[in-house]
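This report concerns only the one structure given below.
The values are calculated or read from the model by the stated rules, or taken from the named source; none is laboratory data. Fair warning: this is a prediction, and the values are worked out from it, not measured in the lab. A quick note on method: Cβ atoms are made from the backbone with ideal geometry, for glycine too, and the neighbour counts reach across all protein chains shown.
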């Protein structure tokens, strides 16, 4: 296995309305057999989730770059170093798809790795940029709206489902203002597993940013919103892998397995692979390298 160093640079892409900042990790010795990978974070996060872990270890982007794979780490529009405009609270999934599509056109043929709320974005990108997206890894990914029942646009009704795993533990977001989460939410849904570095939870919490309420309501199909796909069979024409941890409250095995079945994807439920105790933030937990190795091996097997 090739392992070597890499250089790090950055670029701005996207479009005029929704610019995107991206880190670029370029191996000193790129492996021509390995396609570039674009890592897309989920809601409330930034690309730093792929660059380093809260306890100071190298993240998944350096891991893949050290294996000879050029790695791109984008910040969603209005997140991290991607500028936010005055209408950030109106940012939609379609806005991110259009902006990220410009970045993909610059990268060329590549693999997408999408976490959580980036799942619906990745499925749409595979439709809109079919010639560029050669494979998809969904890490506890949200499914397309096609697979989710519409929920009422009613804060009280949604509050009653807050801990209902069958409904995806939805939250309602006031569409007029940016949504923020606190320490209890972070511990309930993201830092809840024994694999999450407990000594670094407070440091991790300082990396969390405000989120567009429109993105969140789309993710849970509140009011019937959400990113649907028109041609799932065409998306399924490329290699797809879904990876799910054991202790993820919003992603029980059955839910993510349903997404895998919908797209004809390979499905890695980590306990079935002898990897126990993981939650939602697989790229930040104490065995993150072991999971990255599993993903890299799958890409190699798929010839991407």
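Tabulated data
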{"read-out": "Criterion: in contact (Cβ under 8 Å) with a residue 12 or more places away in the chain, buried (at least 17 other Cβ atoms within 10 Å of the Cβ), on the phi < 0 side of the Ramachandran plot and under 17 Å from the mean Cα position of the chain (by Cα) - qualifying residue of 215, 222", "value": "215"}
{"read-out": "Selected residue (only one of 52, 48 is under 27 Å from residue 300 (Cβ atoms) and without any contact (Cβ under 8 Å) to a residue 60 or more places away in the chain)", "value": "52"}
{"read-out": "Candidates 60, 76, filtered to the one that is farther than 21 Å from residue 101 by Cβ and crowded, with 24+ Cβ neighbours inside 10 Å", "value": "60"}
{"read-out": "Test: residue 20 is crowded, with 19+ Cβ neighbours inside 10 Å, closer than 18 Å to residue 296 by Cβ and either at pLDDT 95 or above or out of contact with any strand residue (DSSP E or B) (no Cβ under 9 Å at 6 or more places or on another chain) (or both)", "value": "no"}
{"read-out": "Matching entry among 176, 128 (being exposed (fewer than 14 other Cβ atoms within 10 Å of the Cβ) and over 27 Å from residue 294 (Cα atoms))", "value": "176"}
{"read-out": "Any hit, segment 145-153, residues being surrounded by 14 or more Cβ atoms within 10 Å (Cβ to Cβ), within 23 Å of residue 284 (Cα to Cα) and either over 21 Å from the mean Cα position of the chain (by Cα) or touching a residue at least 12 places away in the same chain (Cβ under 8 Å) (or both)", "value": "no"}
{"read-out": "Residue 196 under 15 Å from residue 147 (Cα atoms), within 18 Å of the chain's Cα centre (by Cα) and surrounded by 18 or more Cβ atoms within 10 Å (Cβ to Cβ)", "value": "no"}
{"read-out": "Segment 251-284 - residue that is in a loop (DSSP other than H, G, I, E, B) and under 15 Å from the mean Cα position of the chain (by Cα) and, of those, farthest from residue 56 (Cα to Cα)", "value": "251"}
{"read-out": "Candidates 39, 11, 35 - the one that is modelled with pLDDT of 95 or more, crowded, with 23+ Cβ neighbours inside 10 Å and closer than 24 Å to residue 132 by Cα", "value": "39"}
{"read-out": "Whichever residue in segment 108-120 is surrounded by fewer than 24 Cβ atoms within 10 Å (Cβ to Cβ) and in contact with a strand residue (DSSP E or B) (Cβ under 9 Å, 6 or more places away or on another chain) and, among such residues, is farthest from residue 74 (Cα to Cα)", "value": "109"}
